[in-house]
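Here's the structure, in structure tokens; my notes come after.
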Amino acid sequence: MKRTHNEDAYDLIDDERLYLVADGMGGHASGEVASKMAIETLREFFSATSQDPEATWPYKMDKARGYEENRLITGIKLANLRIHEAAQREPRLRGMGTTIVAILVIDDGVLIAHVGDSRVYRLRQGKLEQLTDDHSLLNDYIKMKRLTEEEIANFPHKNVIVRALGMKETVKVDTRLDPPQPGDVYLLCSDGLCGPVSDQEIGEIAQSSNDLKGVASKLIERANANGGPDNVTVVLAKWIGKG
């Protein structure tokens with residue numbers, strides 16, 4: 001409701017069962033560039049490694065992690081490097097960056113990866129749970145000391161991100177494997193949703209219908225009704241079961 005341009009990007013790569021949301025930052029043009037680069041790099045990397053499993057990766061595999069987890073982390077690290085290099089190369093892109101959240105459906109369950117303050121939630125049997133941990137200054141303060149609800153509401157640097165793609169040459173990617181149950185709904189979003197809309201509201205709307213497209217529209221409408229201060233992107237995926 002307030003911005004004239006959209007710095008968010010998303011993709012539903014059904015062939016790979018990979019779902020992505022990115023929220024760019026860094027000014028009028030460059031935020032859009034960063035989020036788009038992140039999404040395109042992941043699509044390109046997954047396509048290349050799917051067609052040629054023996055393709056050389058730009059980063060070594062971590063032997064403590066499985067193949068698909070390594071693949072997802074590597075794609076995100078490659079996106080980070082490309083964004084960082086572009087920002088160093090072109091003055092107009094200086095300082096650009098983006099968040100990223102991804103879910104990848106694998107045999108063992110749902111693999112979640114993220115950098116920044118975009119989020120993944122899971123709705124299970126009417127209960128909404130946040131599965132990612134915001135890489136934000138506010139969240140760091142919350143973890144370091146107990147803040148009152150009033151202090152959290154009035155925190156002066158809510159938009160400060162402490163980790164994002166493009167900030168540095170390398171990036172740490174947080175991952176977790178979530179064992180799903182039939183009927184689970186995974187919700188990926190930029191902070192344009194989880195900023196103006198409370199978790200309670202998100203949960204109530206998410207369980208109001210089985211129509212995922214309708215739920216996504218309702219969530220965006222609620223964010224805009226609550227002021228719509230930022231771009232709003234929502235991706236919903238439902239776990240039906242193995243088959």
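The values are calculated or read from the model by the stated rules, or taken from the named source; none is laboratory data. This is a predicted model, so every value here is computed, not measured. Don't worry about glycine lacking a Cβ; one is built from the backbone with ideal geometry, like all the others, and counts go over all protein chains shown. What goes into the accessible areas is simple: the full protein's heavy atoms, side chains included, and nothing from ligands, DNA or RNA. Shrake-Rupley method; radii C 1.70, N 1.55, O 1.52, S 1.80 Å.
Assigned to a loop (DSSP other than H, G, I, E, B), in contact (Cβ under 8 Å) with a residue 24 or more places away in the chain, of a type outside the set (Lys, Arg) and open to solvent by 10 Å² or more (accessible area, probe 1.4 Å) - does that describe any residue in segment 79-87?
Just the residues of segment 79-87 that are assigned to a loop (DSSP other than H, G, I, E, B), to begin with: none.
The answer is no, given that none of the residues of segment 79-87 is assigned to a loop (DSSP other than H, G, I, E, B), in contact (Cβ under 8 Å) with a residue 24 or more places away in the chain, of a type outside the set (Lys, Arg) and open to solvent by 10 Å² or more (accessible area, probe 1.4 Å).
Could you say whether any residue in segment 80-95 is out of contact with any Cys (no Cβ under 9 Å at 6 or more places or on another chain) and either closer than 29 Å to residue 179 by Cβ or among the hydroxyl-bearing types (Ser, Thr, Tyr) (or both)? There is at least one residue in segment 80-95 that is out of contact with any Cys (no Cβ under 9 Å at 6 or more places or on another chain) and either closer than 29 Å to residue 179 by Cβ or among the hydroxyl-bearing types (Ser, Thr, Tyr) (or both). Go through (1) surrounded by 23 or more Cβ atoms within 10 Å (Cβ to Cβ); (2) under 18 Å from residue 46 (Cβ atoms) for residue 110 and report which single condition fails. All conditions pass for residue 110, except number (1).
Out of the residues in segment 7-49 that are touching a strand residue (DSSP E or B) at 6+ places or on another chain (Cβ under 9 Å) and polar (S, T, N, Q), state the one that is surrounded by the fewest Cβ atoms within 10 Å (Cβ to Cβ). Here the answer is 47. Here is the figure for segment 214-236: residues that are surrounded by fewer than 17 Cβ atoms within 10 Å (Cβ to Cβ), within 19 Å of the chain's Cα centre (by Cα) and not in a loop (DSSP other than H, G, I, E, B) total 1.
For segment 1-53, the candidate set comprises residues that are without any contact (Cβ under 8 Å) to a residue 40 or more places away in the chain and basic (Lys, Arg); within that set, the residue that is farthest from residue 229 (Cα to Cα) is 43. Of all the residues in segment 153-177, those that are surrounded by fewer than 19 Cβ atoms within 10 Å (Cβ to Cβ), within 16 Å of residue 114 (Cα to Cα) and in contact with a strand residue (DSSP E or B) (Cβ under 8 Å, 6 or more places away or on another chain) number 6.
Pairs meeting the criteria (first residue in segment 215-241 and closer than 16 Å to residue 4 by Cα and in contact (Cβ under 8 Å) with a residue 12 or more places away in the chain, second residue assigned to a strand (DSSP E or B) and among the β-branched types (Val, Ile, Thr), beta carbons under 8 Å, at least 6 apart or on different chains) are 233/21. Residues in segment 119-143 that are under 15 Å from the mean Cα position of the chain (by Cα) and of a type in the set (Phe, Trp, Tyr): 121 alone.
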